[in-house]
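Okay, so here's the structure we're looking at.
The values are calculated or read from the model by the stated rules, or taken from the named source; none is laboratory data. Keep in mind the model is a prediction, meaning the values are calculated, not measured. When we count neighbours, we look across all protein chains shown, and the Cβ atoms used for this are built from the backbone with ideal geometry, even at glycine.
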Amino acid sequence: MPRLGVNIDHVATLREARRTTYPDPITAAALAELAGAQCIVVHLREDRRHIKDRDLRLLRETVKSSLNMEMAATSEMVKIASQIRPDVSTLVPERRQELTTEGGLDVIRNREKVAEVVRTLKGAGIKVSLFIDPVLEQIRVAHEVGADAIEIHTGPYCEANTPQETEEELKKVIAAAKEAYNLGLEVKAGHGLNYFNVSPIAAIPEIEELSIGHSIVARAVLVGMERAVREMIALIQRPPLSQSQR
Ligand code: PXP
């Protein structure tokens, strides 16, 4: 059964909608941990549109489980990560105008740059995960550049429009998870997962951690953070449904 990493970026998004000091993502992280989250995930973006440097600093002091900093492979972010020392850095591609991360990191095309950033972060004692599409060659290169883990991009699976398309995308995630596991990489997955689509992904035995943000924060607005986290954990720890039950 995978662990749950809760991404709290959108608690900060709500705060920034009015440029207030609340809701505070630090409080949200504490509540998520109390409800059983085993990792707190934040994306410090170049434009600081939600999470701020202050949030990252305070989270480093207060998070008791594990802190995963999503970041672009830029020198500014490498410097900040090396100072803050999250438990894990997840390298993601970042485009200024995007609403959220749009695709996986192209490790094949950016091999040298990614290898250098992986080396620097690992040298600072940080585990490095690469957010990549479920493409076998990307996974092999992720392994070659020295990543400790990969996070498989589940966006295409979540956005599939028909049951056949969903099944095809799920097969890609399953194959990617197997490949990464066989190479000795730690396997995570995330993006777009919600209370309705998470179960088949949670049932993939090689996946050790799920990173989920928007759906949990959205539910937390209505039912509270602790209940939203508990309900997600209950879903991802449920024994997998057989093919006929799906
Ligand atoms: N994983 C990565 C690498 C992401 O960039 C995000 C979004 O910040 C997530 C997981 C969580 O995605 P969602 O908010 O759709 O659950």
Any chance Ile126 is surrounded by 20 or more Cβ atoms within 10 Å (Cβ to Cβ), closer than 20 Å to Leu67 by Cα, in contact (Cβ under 8 Å) with a residue 12 or more places away in the chain and away from the ligand (no atom under 14 Å from the Cβ):
yes
Can you go through Glu94, Glu70 and tell me which one is under 19 Å from Ile150 (Cβ atoms), modelled with pLDDT under 95 and either over 16 Å from the mean Cα position of the chain (by Cα) or among the acidic types (Asp, Glu) (or both)?
Glu94
Within segment 78-87, can you find the residues that are farther than 17 Å from Ala147 by Cα and in contact (Cβ under 8 Å) with a residue 12 or more places away in the chain?
Ile80, Ile84
Can you find, within segment 18-41, the residue that is surrounded by the most Cβ atoms within 10 Å (Cβ to Cβ) among those that are in a loop (DSSP other than H, G, I, E, B) and not charged (D, E, K, R)?
Ala37
Which of the residues spanning segment 42-79 are surrounded by fewer than 20 Cβ atoms within 10 Å (Cβ to Cβ) and of a type in the set (S, T, N, Q)?
Thr62, Ser65, Ser66, Thr74, Ser75
Determine whether Ile174 is free of Cβ contacts under 8 Å to residues at least 40 places away in the same chain, part of a helix (DSSP H, G or I) and either farther than 17 Å from His10 by Cβ or among the acidic types (Asp, Glu) (or both).
yes
Check Leu136, Leu121 and return the single one that is in contact with an Asp or Glu (Cβ under 7 Å, 6 or more places away or on another chain), modelled with pLDDT of 95 or more and away from the ligand (no atom under 15 Å from the Cβ).
Leu136
So Ala234 clears everything in (1) touching an Asp or Glu at 6+ places or on another chain (Cβ under 9 Å); (2) away from the ligand (no atom under 15 Å from the Cβ); (3) over 24 Å from His143 (Cα atoms) except one condition, right? Which one?
(1)
Within segment 1-11, work out how many residues are farther than 11 Å from Ile212 by Cβ, of a type in the set (A, V, I, L, M) and within 11 Å of the ligand (Cβ to nearest atom).
0
How many residues are within 12 Å of the ligand (Cβ to nearest atom), out of contact with any Gly (no Cβ under 6 Å at 6 or more places or on another chain) and of a type in the set (A, V, I, L, M, F, W, C) if we restrict to segment 149-178?
3
So, Ala218, is that one within 16 Å of the ligand (Cβ to nearest atom) and part of a strand (DSSP E or B) or not?
no
Read through the list (1) within 16 Å of the ligand (Cβ to nearest atom); (2) part of a loop (DSSP other than H, G, I, E, B), then give the number of the only condition that Pro205 fails.
(1)
Determine, yes or no, whether Arg15 is more than 14 Å from the ligand (Cβ to nearest atom), surrounded by fewer than 23 Cβ atoms within 10 Å (Cβ to Cβ), assigned to a loop (DSSP other than H, G, I, E, B) and among the charged types (D, E, K, R).
no
